[in-house]
Structure formats: structure tokens, C-alpha cells
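All of the numbers you see were taken from the coordinates with simple rules; none came from a lab. Given the structure is predicted, the values throughout are model-derived calculations rather than measurements. Note that each Cβ is placed from the backbone with ideal geometry, even for glycine, and that neighbours are counted across all protein chains shown.
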Amino acid sequence: MKKVILVFASIYLFGLTAPSLATSEDEERPVPQTLDELRAAINEVMEEHDVPAVGIAMVDETGPVLVDAWGKANVEEDTDANADSMFRIGSTSKMFVALSVLKLVEEGRLSLDDRLADLAPEVEFENPWEETHPVLLAHLLEHTTGWDDIHLPEYAHNDPTPATLREGLDFHPHSRVSRWMPGSRSSYCNSGPPVAAYIVQKVTGQDFEEYVRQNFFEPMGMETMTYRLSDDVSKKGVTLYQGDTPQDYWHIVMRPSGSINASPVDMAKLASFFVNRGSVNGEQLISEASLQRMEIAATTAAGKAGQEAGYGLSNYSSRHKNWVYREHNGGVNGGLTEFSYLPEAHVGHAIMINSGAGAAYMEISDLVRDYETRNLVAPDVPAPTTIGPEHESIAGLYFPINPRQEIARFIEQPLGLFRLWFEENELRVKPLLDSEVLTYVAASENLYRNMETGVIVMSRVDDPLAGPVVHIGSTVLKPVSAVVAYGQLAIAALWGLSIAISIPYALVWGVRRLRGKIPPGPAIRIRVWPLLAGLSVIAFIMLFSAGMGDPFSSLGKPTAISVGIMIMTIAFALLAALGLITSIRERGTEMNRVNYWFTTTSSLLHCIIVAYLAWFGIIGLTTWA
């Protein structure tokens with residue numbers, strides 16, 4: 001599903017994200033048995049994908065296993081990376097917000113059930129269900145507020161004189177509107193953790209970043225780790241690259257969500273902190289009970305029903321073969337980070353690259369995890385429950401109802417379809433437009449396990465607004481009839497086909513018009529309007545693609561590209577309407593009836609798509625709003 005929607009939605013998912021990137025299609029590499037083999041395999045990946053530098057921090061309960069960085073910290077200056085080179089860790093930064101909140105909870109100064117409206121009434125947000133389902137502190141950290149992710153202007157802020165935390169929250173608060181009852185669905189949102197950080201700041205009377213430094217960075221021995229462009233970052237920071245293009249330093253307005261700069265030495269200490277369950281040099285910074293709560297997705301109906309996979313307090317689960325890691329990854333322009341640990345095996349790692357090469361990032365992750373788990377015995381998996389009539393009603397077609405950005409719903413709904421069905425004693429789940437098939441076994445009537453790990457990753461629950469739904473990890477799916485599902489796809493396919501045909505068709509009738517075979521007037525107008533409508537769609541796609549080269553500066557504010565996108569969507573609506581009106585008015589015009597019905601059908605399809613896009617707010621789209 002994510003591959004399908006990437007073209008449109010990636011501008012909203014571009015930064016501060018927990019990446020879910022396509023894996024490489026290369027053949028699976030052998031499992032490294034030694035650190036030398038691991039280094040050699042990583043070097044092969046770096047060379048294949050032109051990754052300038054990688055930082056690796058691997059630890060176990062005894063201490064560091066591998067802490068180093070190699071490659072080029074700066075290609076143009078031929079600067080080598082080392083263990084003290086500083087990378088941007090993106091959304092991994094969010095873990096320190098959760099840790100800070102949990103420390104204050106332990107001290108009795110906060111509760112995860114505290115209401116945002118009571119803690120910080122000055123922070124602007126809107127929740128239509130506030131009286132009965134208020135936004136709670138836990139919702140901010142589990143991404144269950146129902147808010148949109150931050151909008152492009154917030155991503156594009158990038159003021160070299162950094163805003164204060166409060167100024168960042170006040171800059172563009174329009175995204176903080178609950179789209180469903182808080183606590184009912186998860187949807188990744190980069191403004192939730194900064195609001196929680198503001199609450200920490202308010203309760204302690206300290207600048208949030210100073211609080212983190214005193215309570216976590218210093219006790220863990222992270223001497224250079226910082227949220228800002230410090231002297232250490234200027235001297236030791238790696239240059240980030242999108243392709244071959246170096247990226248300027250990004251002064252993130254929502255710093256608690258993704259701004260930290262850290263070296264492999266720093267990240268090894270963070271990994272040791274989690275591997276040793278909150279203990280640093282014999283001092284318990286956070287109780288193990290707090291870390292266990294951090295690792296649980298508790299606020300959604302799925303979590304309450306017993307689903308184990310999902311997003312906890314700035315901490316989520318991911319599977320590698322038979323093992324389930326806890327982690328929080330991060331992505332910024334030209335930099336990707338994975339921070340993961342396996343609690344039961346007492347191992348953990350961080351991987352940082354100064355490249356946007358997602359395939360390389362995933363391959364390196366697999367290599368490191370293969371090495372860490374090479375000698376582990378696969379966990380016992382409980383026997384599955386036999387499928388019966390009480391299970392079979394879950395089979396059918398579904399579409400997602402918790403988009404990260406509401407603006408992406410228009411494309412997720414028709415193209416993000418899933419099919420669920422049973423074969424023998426197994427539940428199969430397949431994105432309709434993808435080849436991957438996921439397989440689960442029943443743990444109870446409404447809960448389903450991953451077959452390799454035994455972890456409950458899927459649940460059937462009741463949503464207060466949507467009724468019966470299915471949660472798979474953090475994705476929420478609602479049943480849809482086959483007529484609607486396939487009808488939407490059919491209309492989209494026919495519409496795309498009509499646009500594709502309209503251009504060569506125009507060359508044919510254009511030549512005939514020049515040769516005097518087609519008279520001027522209605523017969524030409526009937527043909528021209530749907531052609532122009534299709535060309536406006538093509539222009540929109542071209543402008544959007546151009547904007548993706550630098551989405552923050554091109555789309556996050558009014559520019560020729562972003563204004564052009566808005567104009568093209570409006571032009572599409574007007575030209576589609578003109579085409580259909582002309583076809584109706586001139587239905588008696590003498591012309592080839594095949595040509596008439598093709599152009600009329602094209603205009604009708606355009607109008608159907610216009611109505612659909614208008615319903616979702618795409619006509620007149622302002623990417624900078």
C-alpha cells in the first residue's frame with residue numbers, strides 16, 4: 001500500500017519519520033558469522049548504493065560489540081567518518097520525550113492519563129470529542145490523538161535562528177485537529193511529542209532540551225549529543241546527501257520530534273541503556289517497569305483487546321525473521337537511522353547513514369540483525385486456534401481509515417485496498433495492488449498471531465465511528481463492498497486510459513482538422529475540452545514531480561511550482577465541466593459517433609474524478625497551507 005501512495009504522500013512523510021522503505025530486490029546475503037564478515041558485507045551494500053558513510057553502534061549486556069563509522073563524512077572535502085562523526089537521527093529523538101515523561105510519572109509529577117487541556121490549555125488544538133474522549137498525555141506519545149502529521153510549512157520552517165518550543169507549536173497549529181476519537185486509532189504525528197515536551201518544560205520549569213541533557217545525556221555520558229547546530233556538529237557532523245546532492249543543515253522547528261545529532265559512540269550508550277533496562281553504571285535512570293510501559297501500545301482498542309504489535313510510547317515493534325525488536329527509527333533529508341534492541345537477547349544497535357538510500361538502509365539492517373540473532377534459538381510459538389465460523393466473517397475487502405495526512409486519504413482509499421481470506425487454517429492478508437501476502441494464525445476469535453514470532457499483530461475490534469474494523473500493526477482497515485472497491489479501481493483505470501489515449505487521438509484529429517476534414521466549431525470543442533483537462537492532470541503530475549526535488553522550499557510556501565499545482569487542479573475542474581456541458585449541448589452535432597462517445601465518456605470520467613477530488617479537498621490544493 002505504501003509503495004502505491006508514495007508518489008503523492010511522500011512529501012508529507014518526507015522528514016522526521018519512522019521510515020518504512022522498500023527492501024532491495026537483490027538476492028539474500030549470507031548471514032555474517034564474524035564482525036569482519038559483517039563489515040565486508042556492509043561495505044558491499046555501501047558500494048552498490050553509493051552510500052558515502054555509515055555509523056554502526058552494536059552492544060550487548062557486557063558493553064560495546066562494534067562502535068565505528070567509516071566511509072566519507074563529506075565527499076567533496078574527502079573527509080573520513082569515524083566513531084565520533086555526528087549523524088542526524090531524525091525521529092529516534094522522540095524516545096527522549098517519552099523517557100522524560102516517564103521519569104516525571106515515576107516522580108508523581110505527571111500521569112499518562114492527564115488531560116492535555118488541563119496540562120497546557122494555552123496549546124492550540126481541536127477535538128470534537130473532548131468532553132467524552134479527551135486528548136491525554138499518553139495519546140501524544142502513542143500517536144493516537146487523531147491529529148494530522150505536521151504540514152509542509154512546519155517541515156519547511158528551517159529558521160537558522162531556532163524557534164523556541166512554544167514558538168514552534170504556535171507557528172502552524174492547524175494540523176492539530178482530531179479526525180476521530182482520541183485513543184481509537186493510531187496515526188503517526190510529529191506534533192504530538194513536541195506538545196508532550198512542552199508539558200515537560202512547563203512542569204519542570206526547565207528548557208526541555210536542557211532537561212534532557214541533565215537527566216539523560218550527561219548521566220549516559222553522551223558528551224556531544226545535541227538538538228542544535230553546535231560547534232561539535234559543525235566540526236564533526238557528516239554531510240547528508242540526497243543522491244549526489246549535499247543537503248544544508250535542517251533547523252527543525254519541532255526539535256523534540258527529530259533534531260538530535262549523535263555519533264556512534266553516543267548511540268552505543270543509548271543502546272546499552274535499553275539493553276540494561278534503564279541502568280547506567282549501576283544507576284537506574286528509569287525503572288524497568290517504565291520501559292515495559294514504553295514498549296506497549298495501550299491506548300487503542302486493539303491494544304486493549306490484546307494486540308501486542310504497534311506503536312507504544314515513542315517505541316514500536318518490528319519483526320526480523322523469528323524475533324521482534326523494539327525500536328524507533330528516523331529519517332531526514334539525506335539521512336536515515338535505525339535504533340533497535342532485542343530485550344530478551346540483551347542486544348541492541350544503531351545504524352546511521354548519510355544518504356537517503358532506503359534500500360541500502362534496509363539491507364544493512366538485515367545484515368546487523370542477522371549477525372545479532374545468528375546463534376539465537378527461535379522462540380516457541382503457541383499452537384494456533386482452529387478456524388471456525390466465528391472467524392470467517394473477517395474475510396473480505398478493506399480500505400485504510402487512519403491516513404497519516406488527511407490529504408492522502410483520497411488516494412489511499414481506492415488504491416490502498418486489502419483482501420483478507422482463509423486457506424486451510426491460516427488467514428491471508430494481501431494488499432490488492434501488491435504481490436506480498438502476509439499470513440497469520442488465529443490466537444482467539446478476534447486476535448491473530450504472526451506465524452514466525454507468535455506475537456499478536458492483528459485484531460478485530462469495534463471502532464466508535466467506523467464500527468467493526470481490523471487493526472494490523474498500526475494500520476486500521478474498514479470493510480468495503482466489492483462493488484465499491486472494484487468500482488473505484490475500474491473508474492480510475494478507465495480515467496487513466498482515457499487520458500493516455502487522448503494525446504495520440506489528438507494528433508489524429510488535429511491533422512484531420514488542418515487538412516480541412518473536420519469543420520471548426522462544436523465538433524472541435526467537443527474534442528478540445530477533455531484533451532485540455534487531461535493535459536492539466538499531466539501538468540499537475542509534472543509540477544508535483546518537480547516540487548519533489550526540494551519539497552520544503554518548492555511546496556512548503558507559495559512558489560511557481562506550488563501555485564501552479566493549485567491552478568492546475570482548478571483548471572482540471574473547469575475544463576472537465578466545460579467538456580461535459582459541451583458534449584450535452586452539442587449532442588446533435590454531425591460527427592463520427594464513436595468519436596463523440598469517446599470524448600463524451602472522457603469528459604464524464606473527468607467530472608466524476610473532479611467530484612471525488614473536490615470531496616477530499618484536492619481541487620484548489622494549496623500545499624503551503
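Some notes on this structure:
- Check: region 2-372 dipole with +1 on Lys, Arg Cβ and -1 on Asp, Glu Cβ, in debye: 1020 debye
- Sparsely packed GluC sites (Glu not before Pro) within region 44-139, loop by DSSP, other Cβ within 10 Å at most 16: GLU61, GLU76, GLU77, GLU107, GLU122, GLU124, GLU130, GLU131
- Relative contact order for region 2-372, counting Cα pairs under 8 Å that sit 6 or more residues apart, in percent: 28 percent
- Exceedance of the 29 Å cut-off in Cα-Cα distance is limited, within the set LYS304/LYS478; LYS94/LYS430; LYS103/LYS269, to LYS94/LYS430.
- Nearest 10 degrees, 0 to 90: helix 192-204 Cα axis against the chain principal axis: 40 degrees
- Most positive-pole-ward Cα, THR144, ALA571, MET95, against dipole of the chain from beta carbon charges: ALA571
- On Cα atoms only, tilt of 264-275 relative to the major axis of the chain in degrees: 80 degrees
- Placing +1 on the Cβ of every Lys and Arg and -1 on the Cβ of every Asp and Glu, with nothing else charged, gives region 491-615 a dipole about its Cα centre of roughly 500 debye.
- Length gained when the stretch ASN322-GLU424 is fully extended (0.36 nm per residue, less Cα-Cα span): 34.5 nm
- Student exercise, region 203-261 dipole from Lys, Arg, Asp, Glu Cβ charges, in Debye to nearest 20: 60 debye
- Translational diffusion of region 491-615, estimated by Stokes-Einstein from the Kirkwood radius over alpha carbon pairs at 25 °C in a medium of 0.890 mPa s, is 160 µm² per second.
- Cα-based equivalent ellipsoid, region 173-232: semi-axes from gyration tensor eigenvalues, Å: 29, 13, 12
- Region 48-78 and region 414-486 have Cα centres lying 38 Å from one another.
- Average projected area [Cα convex hull, region 253-327], square nanometres: 6.9 nm²
- For the chain, averaging the sequence separation of C-alpha pairs within contact (under 8 Å, six or more residues apart) and dividing by the residue count gives a relative contact order of 16 percent.
- For region 49-111, the direction-averaged projected area of the alpha-carbon convex hull comes to 6.8 nm².
- Size estimate for region 316-366 follows the Kirkwood approach: the inverse of mean 1/r over distinct Cα pairs works out to 11.4 Å.
- Share of pairwise Cα separations in region 33-188, more than 18 Å, in percent: 72 percent
- Value of relative contact order over region 389-483, rounded to a whole percent, pairs C-alpha under 8 Å and six or more apart: 24 percent
- Taking trypsin sites (Lys or Arg not before Pro) as exposed when their DSSP state is a loop state and no more than 15 other Cβ atoms lie within 10 Å, the longest site-free interval of the chain runs over 375-514.
- Per principal axis, descending, Cα span of region 2-372 in whole Å: 58, 42, 40
- Equivalent ellipsoid semi-axes, the chain, via Cα gyration tensor eigenvalues times 5, rooted, Å: 45, 28, 26
- When the Cα positions of GLY258, GLY237, GLN284 are compared along the charge dipole of the chain, GLY258 comes out farthest toward the positive end, with charges on each C-beta of Lys, Arg, Asp and Glu.
- Using just its DSSP H runs of length 4 or more, each adding -39500 (n - 2.57), the chain gives a mean residue ellipticity at 222 nm of -12500 deg cm²/dmol after division by all residues.
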